[in-house]
Every structure is written in structure tokens, then in C-alpha cells.
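Scroll down for the structure; my scribbles are underneath it.
The values are calculated or read from the model by the stated rules, or taken from the named source; none is laboratory data. Being a predicted model, the structure only gives us computed values, none of them experimental. Because the Cβ atoms are built from the backbone with ideal geometry, glycine has one as well, and the counts that use them run over all protein chains shown.
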Amino acid sequence: MPSSLFVSAVLLAAGQSTRMGAGPRKPFLRVEGDTILAWALKSLSQATCVREVIVVASPDQVDEAREEALRAAASAGQPEGWISAVVAGGAERTDSVHAGTQVVNDAAEVILVHDAARPLVQAAQIELVADRAAEHGAALLATRVSDTIKTSVDGIRVSGTLERSELWAAQTPQAFDAQRFRKVLDQARQDSAAATDDAALFERYDGSVALVEGDRDNIKITTDEDLVHAAAILRDRADQEAHREGEQG
């Protein structure tokens with residue numbers, strides 16, 4: 001059943017692939033026959049609450065990103081206008097998120113921020129995060145930390161051990177009440193505050209953020225090894241889908 005919630009997704013696709021070899025920048029790297037940007041858009045397209053997507057690209061790749069985003073959206077069966085804008089990002093993540101929110105539809109109830117570098121997120125998780133944000137004000141996907149985490153002040157000796165049961169590894173998407181998130185971003189810009197995690201800004205300026213447990217397939221592609229991992233996940237999903245179709249046939 002289609003969701004009645006109006007969610008505008010800000011998709012950050014300005015990755016520079018600094019930890020990969022020479023070749024296309026991260027959003028345009030190909031895995032299992034398509035670009036990372038296209039796979040991310042396909043994931044968003046399967047969440048019925050996402051009514052529009054604003055793609056935030058590197059300033060020198062806005063035209064290339066627009067062409068690829070429109071192609072991917074059409075391939076995913078989305079109507080014209082679902083990609084409502086492709087805008088240039090800024091120097092910091094917060095600048096890029098702010099640029100994307102500036103062109104969000106006025107009807108949006110929830111703004112969902114997602115990294116194109118996490119192209120394998122499941123639609124059900126997108127829906128859950130958006131619903132929790134509508135209820136609570138803000139929500140993010142995260143996974144429980146399985147390793148024991150040590151701290152070190154000097155990088156030589158252990159200075160402490162964190163309580164593992166309290167630790168979560170943040171993922172995207174992260175979703176926020178639209179009006180409250182805009183205020184958070186405006187305040188962050190006034191204070192020249194930056195964060196690698198959008199939820200951290202909400203925590204600082206507004207209030208608590210709800211946790212939605214994600215899964216480990218929602219990997220962030222930062223290295224060549226991650227591309228190999230992503231390809232394996234996509235092949236496994238394709239095999240499972242073919243098996244289901246075979247059983248139904």
C-alpha cells in the first residue's frame with residue numbers, strides 16, 4: 001500500500017573516490033551493470049513514501065549527475081519530476097545537505113538524507129526511518145557494534161574501553177521533520193558548525209534521534225574491496241529474486 005507520508009529525499013552524490021584508484025568518481029563507478037548513483041536511486045524508488053529526490057552533486061559534475069539520475073529514475077519506472085532537482089554541493093557535508101533542502105517541496109513532511117555511497121539500503125528500512133521521523137522528529141538507521149571498542153589519547157596506549165552494549169554504528173538514511181530540520185541547518189550555518197553525521201546536528205540543536213536497527217548489507221562504498229562486496233550482495237539478491245519468481249511460476 002502506498003504511503004501517505006510525503007518524504008523528500010536529499011541524495012548526496014558528491015563523492016570524490018579519494019580511497020580508490022584512478023577512474024570515474026564514486027557516484028559513477030559501476031557495479032553489476034549499473035552506477036552506484038543508479039543503484040541508490042533504485043533503492044529510493046522502491047520506498048513509496050519518497051515523493052521526490054534532490055540529487056546533490058559535485059559542482060563540476062552537476063550536468064553529468066542530472067543525466068544519470070534522470071536515466072536511472074526512468075529505468076526504475078518513476079515519472080518525470082520525481083528527480084525534482086540536481087544541485088551543486090558545498091565544501092562540507094552540511095553545506096551540501098543545506099543546498100539540497102533549499103529546493104525541497106513545500107509539501108514535504110519529512111526530509112530524508114541519504115548517501116549515494118550506500119546504494120544497497122532496503123526500501124523497508126527507508127520506510128521505517130521516515131515513519132519514525134514523522135512520529136519522533138528524527139530517526140536514523142544504525143547497527144549494533146559487535147567489536148570491543150578501545151579509546152586512545154596518544155595512539156600508542158589504550159586509555160579506555162567503551163561499553164559495547166551502548167554503541168551503535170550510524171548509517172544513512174537519516175530522516176527529520178522537515179520544518180525542524182531546516183531550522184537546525186540554518187542554525188548550524190550561523191554557527192559555522194559542521195558534522196559528518198546529520199543526526200549529530202539535530203541532537204545538538206533540537207533533540208533526541210530515534211534509532212532504527214539496520215543491517216550490515218547497507219554498506220558504505222569507500223574502497224575497491226567494498227565494490228566487490230556490493231557486487232556479491234547484488235548477485236545474491238538477484239539469485240533470491242529469480243528463485244522466488246521460479247517458485248511463483
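Structure notes:
- Looking only at the range 221-249, and only at residues there that are outside any helix (DSSP H, G or I) and surrounded by fewer than 17 Cβ atoms within 10 Å (Cβ to Cβ), the one that is nearest to the chain's Cα centre (by Cα): Thr222
- Condition check for Asp217: under 21 Å from Glu127 (Cα atoms) and either modelled with pLDDT of 95 or more or touching a strand residue (DSSP E or B) at 6+ places or on another chain (Cβ under 9 Å) (or both): yes
- Candidates are the residues of the range 146-168 that are touching a residue at least 12 places away in the same chain (Cβ under 8 Å) and over 14 Å from Asp215 (Cβ atoms); the one that is farthest from the chain's Cα centre (by Cα) is Thr161.
- Screening the candidates Thr143, Thr161, Thr151 for the property of being among the β-branched types (Val, Ile, Thr), at pLDDT 95 or above and closer than 22 Å to Ala130 by Cβ yields one hit, Thr143.
Here's the yes/no breakdown for (1) of a type in the set (Val, Ile, Thr); (2) more than 23 Å from Glu32 (Cα to Cα); (3) in contact with a Pro (Cβ under 6 Å, 6 or more places away or on another chain):
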| site | (1), (2), (3) |
| --- | --- |
| Val62 | yes, yes, no |
| Ala65 | no, no, no |
| His98 | no, yes, no |
| Val110 | yes, yes, no |
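- Condition broken by Gly100, with the remaining ones in (1) surrounded by 20 or more Cβ atoms within 10 Å (Cβ to Cβ); (2) part of a loop (DSSP other than H, G, I, E, B) satisfied: (2)
For every residue, the table says whether it meets (1) touching a Phe, Trp or Tyr at 6+ places or on another chain (Cβ under 9 Å); (2) of a type in the set (A, V, I, L, M); (3) surrounded by fewer than 10 Cβ atoms within 10 Å (Cβ to Cβ); (4) farther than 22 Å from Leu44 by Cβ.
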site	(1), (2), (3), (4)
Phe176	yes, no, no, no
Ala188	yes, yes, no, yes
Asp191	yes, no, no, yes
Asp206	yes, no, no, yes
Asn218	no, no, no, no
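- Those residues of the range 111-162 which are within 20 Å of Ala200 (Cα to Cα), of a type in the set (Asp, Glu) and outside any helix (DSSP H, G or I), in sequence order: Asp115
- Leu211 being in contact with a Pro (Cβ under 9 Å, 6 or more places away or on another chain), within 22 Å of Leu12 (Cβ to Cβ) and either of a type in the set (A, V, I, L, M) or surrounded by 15 or more Cβ atoms within 10 Å (Cβ to Cβ) (or both): no
- Answer from Gln190, Gln179, Gln248, Gln171 - the residue that is in contact with a strand residue (DSSP E or B) (Cβ under 6 Å, 6 or more places away or on another chain) and without any contact (Cβ under 8 Å) to a residue 60 or more places away in the chain: Gln171
- Residue among Ala117, Ala107, Ala123 that alone is crowded, with 20+ Cβ neighbours inside 10 Å and modelled with pLDDT of 95 or more: Ala117
- Note on the range 22-58: residues that are within 19 Å of Thr172 (Cβ to Cβ) and charged (D, E, K, R) total 5.
- Exclusive hit being under 23 Å from Ala193 (Cα atoms), of a type in the set (D, E, K, R) and surrounded by 18 or more Cβ atoms within 10 Å (Cβ to Cβ), set Arg25, Arg51, Arg93: Arg93
- Scanning the range 55-70 for residues that are in contact (Cβ under 8 Å) with a residue 12 or more places away in the chain and surrounded by fewer than 16 Cβ atoms within 10 Å (Cβ to Cβ) yields a single hit, Pro59.
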